[in-house]
Amino acid sequence: MRRLTIFSLLPLALFFTTFALADTQDKDKMHDKNVIESILELPFETTESVALSAFNLGTIAVTPTRTAENTESLGSAVSVFTKKELDARGIYTVKEALRKDFSADVVQSGSSGGLTSLFLRGANSNHTRVMIDGVRVFDPTSPNGAYDLAHLSVDNVHQIEVIKGPQSSLYGSDAIGGVVNIITDKGMGKPKVTIFSEGGSFYTFHEGGELSGQLDRFHFSLGGSRLDSGGISSAQAKLNNPEKDAYHNGTYSTRLDYDLTDSLEVGYIGRYSYSKYDYDQQFGILDDPNLWAWSQEVLHSIVINYSGVENVNQRVQLSMTQNHRRDFNENDAAHPNDYLRDWYYGDTQQAEWTGSYRLFDHNTFVAGINYLKERGEYYRYSIFGPAATDVSESVFPKRYAETVGYFLEYRFNLNDRLSTTLNYRIENHSTAGTNDTYKIDGLYRFGQINTAIKASYGTGFKAPTLYQLYAVPFPAEFGFGGFGGGNTQLKPEESETYEMGIEQPLAEGRLNIGVTYFHNDFTNLIDSVLNPVNFYSDQYKNVSSARSEGIEVPLSFRFSDILQMKGNYTWLTTENGDTKKPLLRRANNKANLDLDIILTKKLKMNVDTSYVGHRFSAVDVKLKRYSKTNLRLTYQVNPNWDVYLRIENLFNKRYEEVRNYGTPGFSVYGGVEIRF
């Protein structure tokens with residue numbers, strides 16, 4: 001580990017050495033904008049005007065290759081949701097944005113605040129890495145390490161980039177199924193302010209605002225919001241559960257950038273979120289009026305970008321995250337022995353150096369080193385059994401793990417018509433050992449017909465979590481098995497994936513349609529294995545395997561300047577390698593249809609319909625398919641004022657995402673947005 005630590009400092013020495021040797025005179029670097037603003041930076045030009053096409057043609061994405069690339073030149077499936085698109089749909093949370101993505105299953109257990117999981121292309125919920133401006137966000141105390149999307153808002157967000165398929169060769173562990181990168185807004189131009197206020201069903205009130213702009217070399221963007229809702233019952237109301245579970249959230253986001261010179265920029269990214277919410281017992285059957293929790297998420301990141309050497313860009317990012325959460329419960333008549341107090345503390349320290357070199361405009365070489373230190377601990381006090389003095393304590397002592405990864409990438413792009421990307425990574429986990437992954441993809445776009453064919457193949461891995469390595473199983477007196485005990489001999493989970501697709505623009509580019517087939521094989525999956533002698537001494541082991549395959553069909557059609565349509569369809573089949581049954585909570589069919597209609601010069605309408613097919617909530621528990629329609633009307637009072645009406649679940653469809661958990665019916669919200 002000492003050798004790895006010393007080696008990880010070399011890029012920092014290289015960074016500052018090249019800075020000292022470089023010509024410090026200001027240069028005209030307009031031809032190098034893509035290089036300067038690569039590696040998770042936004043392009044100088046706005047891309048929102050073309051972001052509603054099926055493949056986001058003309059949109060710049062940075063996450064797939066760690067350099068700014070036009071999405072039409074990429075060999076992997078990519079989705080980009082811009083701020084303009086999110087505003088048009090009335091979307092305020094990342095989970096609602098991802099519901100509209102093809103091959104993404106977003107599943108929430110009950111009302112707002114309930115655990116929200118993302119299953120991308122049939123992969124497990126802990127197989128998708130979630131990042132904010134390139135910083136990995138997750139809770140180290142979570143049993144499987146999956147990020148809970150329940151509380152993540154789109155405050156101060158410029159765009160959301162979703163890359164499907166294995167990305168471990170660029171991003172390391174947790175990127176088997178793909179990557180979601182939430183990129184915050186970089187202040188540009190004249191300072192501007194946007195504020196909004198909204199109220200509606202379930203005694204819901206939502207207000208917030210953003211301030212962004214540029215003062216000479218200083219760029220700033222700040223945003224925040226507050227959400228308060230009386231909520232619905234987390235446990236299914238039809239099971240005689242009348243108690244409403246309230247939800248409260250406050251989120252604050254900051255991004256500050258300063259251009260010290262034309263070639264050196266420093267920046268700060270900060271985000272804070274606090275949530276307090278009621279919920280019901282884990283099986284979603286009975287109300288629990290005394291059960292509530294709070295969650296706190298913190299992110300701080302310092303970024304340095306340097307482009308003082310021609311065709312070379314370097315980036316250093318130092319970050320830390322904190323995740324604290326607690327649960328509270330009191331005894332009551334219906335639950336006389338459910339006293340609960342617990343504390344979960346998780347934090348990370350992250351460092352990254354990335355360098356890119358562009359040769360002859362068509363060749364880009366990227367190299368980088370990542371360091372992650374994660375720490376976690378939790379304490380739990382509960383009462384089980386008839387005696388009020390029967391107090392049980394479960395302690396997960398402070399544990400930590402370190403990961404160091406090294407990656408290389410070569411990218412060839414000839415005028416966005418012929419491209420290929422190759423990347424390779426070696427990553428060392430302090431307990432799970434060393435793993436290497438790789439990926440290759442390619443795209444070719446035919447001449448005048450503009451038909452694009454693309455394919456990729458890659459491998460991925462997922463290191464065991466702190467919980468899976470070190471947790472102590474719940475003792476027998478708890479009355480249930482709980483999660484398994486830790487196992488320091490666990491191996492990383494692994495995957496192999498290939499995909500191939502075709503994209504075709506028609507009707508002079510107004511109609512775009514594509515078809516992609518993908519196949520995933522997962523091995524060494526970690527699961528809790530019960531001890532047949534002592535039910536309560538189960539342990540995590542590498543015992544499972546799984547596969548998923550499917551077909552994705554994205555499309556868009558611009559009928560005219562007043563009517564645009566965007567949609568997608570995904571067919572998915574999954575199989576548990578042990579039971580030969582479908583994987584849980586993944587829909588076999590999924591479709592979205594979104595219409596943007598300009599009714600008059602000042603009145604706009606968005607109609608958003610989604611369909612979710614059959615899926616299993618538990619073994620042999622099959623949930624019914626359903627469709628849901630949302631509607632938004634926006635009226636521009638004047639250039640600075642908008643008023644809007646938003647209706648969710650327009651036709652009051654009854655459905656379940658998880659068996660016995662509640663979902664909201666018909667609901668109406670009205671609001672105003674002011675810009676100045």
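Name the single residue, out of those in segment 567-589 being assigned to a loop (DSSP other than H, G, I, E, B) and small (Gly, Ala, Ser), that is surrounded by the fewest Cβ atoms within 10 Å (Cβ to Cβ).
Gly577
The set of residues in segment 166-212 that are under 30 Å from Arg547 (Cβ atoms) and part of a strand (DSSP E or B) comprises Gly178, Val179, Val180, Asn181, Ile182. For segment 600-622, the tally of residues that are modelled with pLDDT of 95 or more and of a type in the set (A, V, I, L, M) stands at 4. Residues in segment 481-520 that are touching a residue at least 40 places away in the same chain (Cβ under 8 Å), β-branched (Val, Ile, Thr) and in contact with a Gly (Cβ under 7 Å, 6 or more places away or on another chain): how many? Of the residues in that region, 3 qualify. Of the residues making up segment 375-407, just one is at pLDDT 80 or above, hydrophobic (A, V, I, L, M, F, W, C) and either farther than 30 Å from Thr421 by Cα or surrounded by fewer than 16 Cβ atoms within 10 Å (Cβ to Cβ) (or both), namely Ala401.
Selection of first residues in segment 138-152 that are among the hydroxyl-bearing types (Ser, Thr, Tyr) and of second residues that are assigned to a loop (DSSP other than H, G, I, E, B), restricted to Cβ pairs under 7 Å at least 6 apart or on distinct chains, gives the following pairs, ordered by first then second residue: Ser142/Thr465; Tyr147/Val137; Tyr147/Phe138. Quick check, is Arg675 among the charged types (D, E, K, R) and either within 21 Å of Gly177 (Cα to Cα) or surrounded by fewer than 16 Cβ atoms within 10 Å (Cβ to Cβ) (or both)? In short, yes.
Every condition in (1) more than 30 Å from Asn415 (Cβ to Cβ); (2) outside any strand (DSSP E or B); (3) of a type in the set (A, V, I, L, M, F, W, C); (4) in contact with a helix residue (DSSP H, G or I) (Cβ under 6 Å, 6 or more places away or on another chain) holds for Val309 except the one numbered (1). Evaluate segment 88-96: report whether one residue or more is among the hydroxyl-bearing types (Ser, Thr, Tyr) and surrounded by 23 or more Cβ atoms within 10 Å (Cβ to Cβ). No, there is no match, as no residue in segment 88-96 is among the hydroxyl-bearing types (Ser, Thr, Tyr) and surrounded by 23 or more Cβ atoms within 10 Å (Cβ to Cβ).
Of the residues in segment 115-123, not one is closer than 30 Å to Asn305 by Cα and surrounded by fewer than 24 Cβ atoms within 10 Å (Cβ to Cβ). Scanning segment 653-676 for residues that are aromatic (Phe, Trp, Tyr) and assigned to a loop (DSSP other than H, G, I, E, B) gives Tyr655, Phe666, Phe676.
Yes/no per residue for (1) out of contact with any Asp or Glu (no Cβ under 9 Å at 6 or more places or on another chain); (2) small (Gly, Ala, Ser):
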residue	(1), (2)
Leu260	yes, no
Val298	no, no
Ser307	no, yes
Ser319	no, yes
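Summed over segment 249-276, residues that are in contact with a strand residue (DSSP E or B) (Cβ under 7 Å, 6 or more places away or on another chain) and either hydroxyl-bearing (Ser, Thr, Tyr) or crowded, with 21+ Cβ neighbours inside 10 Å (or both) total 17. State yes or no: is Tyr444 within 21 Å of Gly368 (Cα to Cα) and modelled with pLDDT of 95 or more? Taking the combined requirement at face value, the residue does not satisfy it. If the condition is being at pLDDT 95 or above and farther than 22 Å from Val316 by Cα, then segment 347-374 contributes only Asn363.
All conditions but one from (1) touching a Leu at 6+ places or on another chain (Cβ under 6 Å); (2) of a type outside the set (Ser, Thr, Tyr); (3) without any contact (Cβ under 8 Å) to a residue 60 or more places away in the chain apply to Arg271; the one that does not is (3).
When the criteria are applied in full, Lys541 meets the requirement of being modelled with pLDDT under 95, over 30 Å from Glu85 (Cβ atoms) and basic (Lys, Arg).
Please go through segment 219-230 and pick out each residue that is over 19 Å from Val157 (Cα atoms), without any contact (Cβ under 8 Å) to a residue 60 or more places away in the chain and part of a strand (DSSP E or B). Within segment 219-230, just Asp228 meets the criteria.
Pairs linking a residue in segment 114-127 that is assigned to a helix (DSSP H, G or I) to a residue that is hydrophobic (A, V, I, L, M, F, W, C), with Cβ atoms under 8 Å and 6 or more positions apart or on different chains, are Ser125/Leu118; Ser125/Phe119; Ser125/Ala146; Asn126/Ala146; His127/Leu120; His127/Ala175; His127/Ile176; His127/Phe522. Looking at this structure, is Ile36 out of contact with any Gly (no Cβ under 8 Å at 6 or more places or on another chain), modelled with pLDDT of 50 or more, surrounded by 19 or more Cβ atoms within 10 Å (Cβ to Cβ) and at negative phi? So Ile36 does not fit the description; no. You will find that of Arg341, Arg325, Arg315, Arg375, the residue that is over 24 Å from the mean Cα position of the chain (by Cα) and part of a strand (DSSP E or B) is Arg341 and no other. Of all residues being more than 19 Å from Gly199 (Cα to Cα) and touching a strand residue (DSSP E or B) at 6+ places or on another chain (Cβ under 9 Å) in segment 234-248, which is surrounded by the fewest Cβ atoms within 10 Å (Cβ to Cβ)? Just the residue, please. Looking at residues that are more than 19 Å from Gly199 (Cα to Cα) and touching a strand residue (DSSP E or B) at 6+ places or on another chain (Cβ under 9 Å), I get Glu243. Per the conditions (1) under 30 Å from Pro664 (Cα atoms); (2) assigned to a strand (DSSP E or B); (3) more than 23 Å from the chain's Cα centre (by Cα), the sole criterion not satisfied by Ser233 is (2).
Residue count for segment 83-107 under the criterion of being under 24 Å from Ile502 (Cα atoms) and assigned to a strand (DSSP E or B): the result is 2. Residues that are in contact with a strand residue (DSSP E or B) (Cβ under 6 Å, 6 or more places away or on another chain), without any contact (Cβ under 8 Å) to a residue 12 or more places away in the chain and at negative phi are absent from segment 574-597.
None of Leu572, Leu650, Leu584 is over 22 Å from the mean Cα position of the chain (by Cα) and of a type in the set (A, V, I, L, M) except Leu650.
The values are calculated or read from the model by the stated rules, or taken from the named source; none is laboratory data. Please read all numbers here as calculations on a predicted model, not as lab measurements. Positions of Cβ are backbone-derived with ideal geometry, glycine not excepted, and every protein chain shown enters the neighbour counts.
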